[in-house]
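Asks: Got a structure for you, written out below as structure tokens; questions coming shortly.
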């Protein structure tokens with residue numbers, strides 16, 4: 001048989017099969033059942049939209065011992081949704097302090113509200129979960145709230161020789177010639193800003209680097225924003241703030257200072273069993289050396305009376321330690337600070353044996369090295385815990401945290417905030433954020449330092 005004939009017959013057979021299969025669906029006895037199935041499918045399409053609204057906008061409650069939550073539930077299905085809504089509250093350790101449930105009945109395409117009043121006694125942070133079991137919708141929403149958190153104390157363990165240890169460290173740093181080297185990077189100098197590669201010698205006589213960005217249009221003396229990096233985070237030149245000269249400094253092991261140390265991929269475990277050789281001793285001294293650099297650049301028109309330091313995560317802990325050690329810092333902004341109130345952060349993180357956070361890495365190290373006990377770890381970290389530096393901070397501090405943060409438990413951040421003895425301090429709380437804060441904070445931060453530096 002010729003190819004054209006076979007092709008023609010194949011087409012005929014396909015058409016017959018198509019119309020035969022199509023015909024069975026338009027027979028009278030099949031018509032209603034198909035229509036019913038389609039109607040059921042339409043009713044099953046939809047969703048339930050839930051807005052969890054704490055009685056306090058930022059989920060921080062104070063006062064009489066009652067915490068209120070309202071849940072606004074919109075039924076977007078074409079059939080009613082009936083079932084149960086359960087509310088459960090536990091401590092960080094998983095101890096249940098409250099449980100209740102309500103019956104839910106929402107008509108199709110309708111909206112209902114449900115309310116819970118949760119009794120609280122002790123200051124702290126609590127995990128609240130809302131579980132839904134409805135006709136076509138099952139889900140659990142988890143949140144965290146704080147109750148009288150400004151009453152949470154930080155139980156500090158400051159070694160007797162804490163001040164002497166850090167004075168000796170700074171004295172040793174002073175003996176190392178900084179050998180500052182500043183190179184204009186013309187290829188990177190865009191948006192009417194000049195970019196400089198900055199290099200210097202720091203602790204152990206190693207080279208660390210950063211990026212200094214200065215706007216072309218500027219006052220004779222320009223304020224300085226000194227940024228410190230997160231955990232193994234690379235800081236590149238900054239072009240987002242023309243009101244400041246911005247110094248983005250990469251401590252050893254980060255960004256363009258990565259070659260200053262080889263931690264074999266275990267940054268915060270490097271020499272963890274030795275207080276004097278631990279990686280963060282050198283890192284804290286890098287931060288001091290970066291500040292030394294800024295104070296040595298009067299010829300570049302940097303206003304050293306207006307130095308703001310900023311950092312998030314590990315950078316948040318670095319700025320707190322730096323401000324505690326060095327009175328040359330004039331303002332501090334600090335987001336989701338890592339490691340603060342370390343002993344408590346360890347205990348909270350250890351509740352999750354699979355944690356991959358930096359604190360979780362330290363927990364796992366202790367777990368897998370029986371000879372290096374938790375107590376031995378604490379004796380090292382007592383020298384590096386930011387909470388032990390903050391009582392010495394005298395300049396204004398703005399801190400920001402996320403209540404869903406597993407890297408930096410909000411209880412630890414608040415306890416650190418409570419330890420500040422300075423006259424001007426504020427804390428911003430983002431209730432629905434994890435290891436970050438909401439965008440509105442950065443608008444507030446801008447207005448905050450504009451006001452304090454009188455940059456009108």
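Asks: Return the pair list, or none, for Cβ contacts closer than 6 Å from residues in region 266-282 that are outside the structural domain of residue 376 (by TED's automatic domain parsing) and closer than 17 Å to residue 206 by Cα to residues that are modelled with pLDDT of 95 or more and assigned to a loop (DSSP other than H, G, I, E, B), at least 6 apart or on different chains.
Replies: Going by the 6 Å Cβ cut-off, there are no qualifying pairs.
Asks: Return the residues of region 173-190 that are in a helix (DSSP H, G or I) and without any contact (Cβ under 8 Å) to a residue 60 or more places away in the chain; say none if nothing qualifies.
Replies: 174
Asks: Moving on. Taking the stated definitions as given, is residue 259 surrounded by fewer than 18 Cβ atoms within 10 Å (Cβ to Cβ), outside any loop (DSSP other than H, G, I, E, B) and out of contact with any helix residue (DSSP H, G or I) (no Cβ under 7 Å at 6 or more places or on another chain)?
Replies: yes
Asks: Oh, and also: Just give me the residues in region 191-211 being out of contact with any helix residue (DSSP H, G or I) (no Cβ under 7 Å at 6 or more places or on another chain) and in a strand (DSSP E or B), in sequence order.
Replies: Scanning region 191-211 gives 193, 194, 195, 196, 197, 199, 201, 211.
Here's the yes/no breakdown for (1) surrounded by fewer than 18 Cβ atoms within 10 Å (Cβ to Cβ); (2) in contact with a strand residue (DSSP E or B) (Cβ under 7 Å, 6 or more places away or on another chain); (3) modelled with pLDDT of 95 or more:
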residue: 274; (1), (2), (3): yes, no, yes
residue: 280; (1), (2), (3): no, no, yes
residue: 287; (1), (2), (3): no, yes, yes
residue: 295; (1), (2), (3): yes, yes, yes
residue: 312; (1), (2), (3): no, yes, yes
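Asks: Residues of region 89-106 being touching a residue at least 24 places away in the same chain (Cβ under 8 Å) and over 25 Å from the mean Cα position of the chain (by Cα), which ones?
Replies: Residues satisfying the conditions are 97, 104, 105, 106.
The values are calculated or read from the model by the stated rules, or taken from the named source; none is laboratory data. None of the values given here were measured: they were computed from a predicted structure. Quick reminder, even Gly has a Cβ in these numbers, built from the backbone with ideal geometry, and neighbours come from all protein chains shown.
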